[in-house]
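Structure first, commentary second.
The values are calculated or read from the model by the stated rules, or taken from the named source; none is laboratory data. Every value quoted in this text rests on a predicted model; they were computed, and no experiment measured them. Neighbour counts are summed over all protein chains in view; Cβ atoms, including those assigned to glycine, are modelled from backbone coordinates with ideal geometry. Quick note on the areas: whole protein, heavy atoms, side chains included, nothing else; ligands and nucleic acids left out. Shrake-Rupley method; radii C 1.70, N 1.55, O 1.52, S 1.80 Å.
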Amino acid sequence: MVLKPARIVTAIALVLVLMFAVWKLGEVYGQNGKSSARPAVSVRVAVVRRGAISTSVTNIGTVQALNTVLVRARVDGAIEQVLFKEGQVVSRGEVLVKLDPLPFEAQLRVNQAQLSKDAALLDNAKVDLQRYEDLLQADSTSTQVRDTARSLVAQLTAAVANDAAQVDLARLSLSYATIKAPITGRVGARLIDAGNIVHTADSNGLVVITQLSPIAVSFAVPQERLGDLRAAQVRGPIPVTVLNAAGGSSENEGDVILIDNQIDTTTGTIRCKAQFSNAEDTLWPGQFVTVRIALKTLPDAILMPTIAVQNGSEGPYVYVVASGNLVKARVVHIGSVEGDQTIVVSGLSGGETVVTEGQFRLEPDAPVRIVSVDSPRTSLP
């Protein structure tokens, strides 16, 4: 017997309806607890521990030179020689630029000649004064003549003193023709070339010298941590570490040298500055770095891996492995994060087990299969 097409379509539709009904019955049957158990989720876990830990504040800082000097000419003159190379490290007192010294040497000779002239006049006036003193004793001259001679000696004495000051000033101007580095540091780009005329009123200067060792890092600390910061300052120098790109400590370690005297009301932070030796010049002015400021040590803190913390609508929470390898979602109150460890203020006790990897597949009361303890960096099977 050959079935008609209409009957074939009806038979197929009936089979599909029966299959859907069986599937729904199986789903309801499973929800009532009569189906097979849910498969366990493979997770990695860690044990919450109690122990000592140093608390710190981590923030972004800006590297700043302790001293930056714009070298200027202190006398007007023509640049004869430029003795530094751009980017060179120079020492304090090292010669950078030489101006043409001839005008200053000539002025020095003029002032020295005037000094010699007035000194000779003074010597002669002193001799004349002594003669008039002797003649006055012999009643051979008047007191007026003696007083005039005494006044002349005083005038010439002042003139000699002025000439000596002019000689010193000319000698100082001559020394300014040799421009030296005022600090030890690294020079920047040359701002003027040999052959140019420089003036004391020039605003551009000759070159900028930046001190790189030691160097400073400026950063901000939340106002909530000001009390810890000041308490740490009372105990002694506050250590600060520059973190490398991987988040670990670099070779740059320094101390806080400044806690500002007021809080920034726009950001709710207080500005601080730390000083670093920077012997290897790894810190550079203007560079952004991550700094960690050590504040205090908690001797008996509750600690768990930071990767165990999840964020939900009620705040941070973790999955705790309960009896029967079932997980429970538990809201926790956390403190500061110290590296890969988070301080637990409340919500967990030492010895409890928390899930560190595989949380995205979990839900409350889900069964789990522990594949590793304290191995969050290994991928799941």
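Can we say D228 is acidic (D, E) and either surrounded by 15 or more Cβ atoms within 10 Å (Cβ to Cβ) or within 26 Å of P182 (Cα to Cα) (or both)? Steps first, please.
Working: acidic (D, E): yes; either surrounded by 15 or more Cβ atoms within 10 Å (Cβ to Cβ) or within 26 Å of P182 (Cα to Cα) (or both): yes.
Yes, satisfied.
Before we move on, is A73 over 22 Å from the mean Cα position of the chain (by Cα) and under 21 Å from L174 (Cβ atoms)?
Yes; evaluated as a whole, the condition is true for this residue.
Restrict the check to region 201-211 and report whether at least one residue is within 24 Å of G286 (Cβ to Cβ) and within 18 Å of the chain's Cα centre (by Cα). Please lay out each step first, then the result.
Going residue by residue through region 201-211, those that are within 24 Å of G286 (Cβ to Cβ) are 203-211.
Narrowing further to those that are within 18 Å of the chain's Cα centre (by Cα): 210-211.
So far as region 201-211 goes, yes, one or more of its residues are within 24 Å of G286 (Cβ to Cβ) and within 18 Å of the chain's Cα centre (by Cα).
What strands (runs of 3 or more DSSP E) lie completely within region 45-162 and have 3 or more residues being open to solvent by 70 Å² or more (accessible area, probe 1.4 Å) and closer than 30 Å to L226 by Cα?
Filter on region 45-162 gives 49-65.
Could you say which residue among A138, A158, A113 is among the aliphatic types (A, V, I, L, M) and more than 60 Å from the chain's Cα centre (by Cα)?
A138 is the lone residue from the list that is among the aliphatic types (A, V, I, L, M) and more than 60 Å from the chain's Cα centre (by Cα).
How about region 267-326: which of its residues are assigned to a strand (DSSP E or B), without any contact (Cβ under 8 Å) to a residue 40 or more places away in the chain and open to solvent by less than 60 Å² (accessible area, probe 1.4 Å)?
G312, G315, P316, Y317, V318, V320
Condition check ((1) touching an Asp or Glu at 6+ places or on another chain (Cβ under 8 Å); (2) over 20 Å from V48 (Cα atoms)) across all residues:
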site: G286; (1), (2): no, yes
site: V289; (1), (2): no, yes
site: V309; (1), (2): no, no
site: Y317; (1), (2): no, no
site: L326; (1), (2): yes, no
site: V344; (1), (2): no, no
site: V355; (1), (2): no, no
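Has region 351-360 got any residue that is among the small types (G, A, S), without any contact (Cβ under 8 Å) to a residue 24 or more places away in the chain and either exposed (fewer than 14 other Cβ atoms within 10 Å of the Cβ) or assigned to a strand (DSSP E or B) (or both)?
So far as region 351-360 goes, no, none of its residues is among the small types (G, A, S), without any contact (Cβ under 8 Å) to a residue 24 or more places away in the chain and either exposed (fewer than 14 other Cβ atoms within 10 Å of the Cβ) or assigned to a strand (DSSP E or B) (or both).
List pairs: first residue in region 180-199 and under 23 Å from Q64 (Cβ atoms) and without any contact (Cβ under 8 Å) to a residue 24 or more places away in the chain, second residue surrounded by 13 or more Cβ atoms within 10 Å (Cβ to Cβ) and of a type in the set (V, I, T) anywhere in the structure, Cβ distance under 8 angstrom, at least six positions apart or on different chains.
The qualifying pairs are L191/V207; L191/V208.
Which count do you get for residues in region 345-381 that are at pLDDT 85 or above and under 14 Å from Y319 (Cβ atoms)?
We begin by selecting, within region 345-381, every residue at pLDDT 85 or above; these are 345-371.
Of the ones still in play, those that are also under 14 Å from Y319 (Cβ atoms) are 347-348, 352-370.
Matching residues across region 345-381 total 21.
Can we say V167 is open to solvent by less than 30 Å² (accessible area, probe 1.4 Å), β-branched (V, I, T) and over 34 Å from the mean Cα position of the chain (by Cα)? Working first, answer last.
Details: open to solvent by less than 30 Å² (accessible area, probe 1.4 Å): yes; β-branched (V, I, T): yes; over 34 Å from the mean Cα position of the chain (by Cα): yes.
It is true that V167 is open to solvent by less than 30 Å² (accessible area, probe 1.4 Å), β-branched (V, I, T) and over 34 Å from the mean Cα position of the chain (by Cα).
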